[in-house]
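Okay, so here's the structure we're looking at.
Read-outs throughout are calculated quantities, based only on the coordinates presented, and are distinct from any laboratory measurement. Just so we're clear, the structure is a prediction, and the values are computed from it rather than from any experiment. Using ideal geometry, Cβ is built from the backbone for each residue, glycine included, and neighbour counts are taken over all protein chains shown.
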Amino acid sequence: MVFATGWPNMRDTIRPIIGDEVADQLTPVWGLDEQGEIQGTFRPTGTPRLWYMAGGFQQSRYGSKILALQIKAVEAGLKN
């Protein structure tokens, strides 16, 4: 687990840690997806077992519960 604050672009920040090959597969962070949902945080990143959490305290508190359920579903074999 890595906890960091104040980073402008999480995809670029994590690139030296995970390498270019994996970083190039990551979904964009922030902005809205085609369904109007915030993309990239508290949801799959495009790489198995790699998840982003970002935002203010209240957003992170709410999103962490949703993320925990998603991870539990993957571990239980209910979700890819």
> So which trypsin sites (Lys or Arg not before Pro) in the chain pass both tests, a DSSP loop state and at most 11 other Cβ atoms within 10 Å of the Cβ?
Replying inline: R49
>> Within a 10 angstrom radius of the beta carbon, how do M10, M53 rank from fewest other beta carbons to most?
In response: M53, M10
> If you put +1 on each Lys and Arg Cβ and -1 on each Asp and Glu Cβ, how big is the dipole of the chain around its Cα centre, in Debye rounded to 20?
Replying inline: 420
> Among P28, G46, L69, whose Cα lies farthest out toward the positive end of the dipole of the chain, if unit charges sit on the beta carbon of Lys, Arg (+1) and Asp, Glu (-1)?
Replying inline: L69
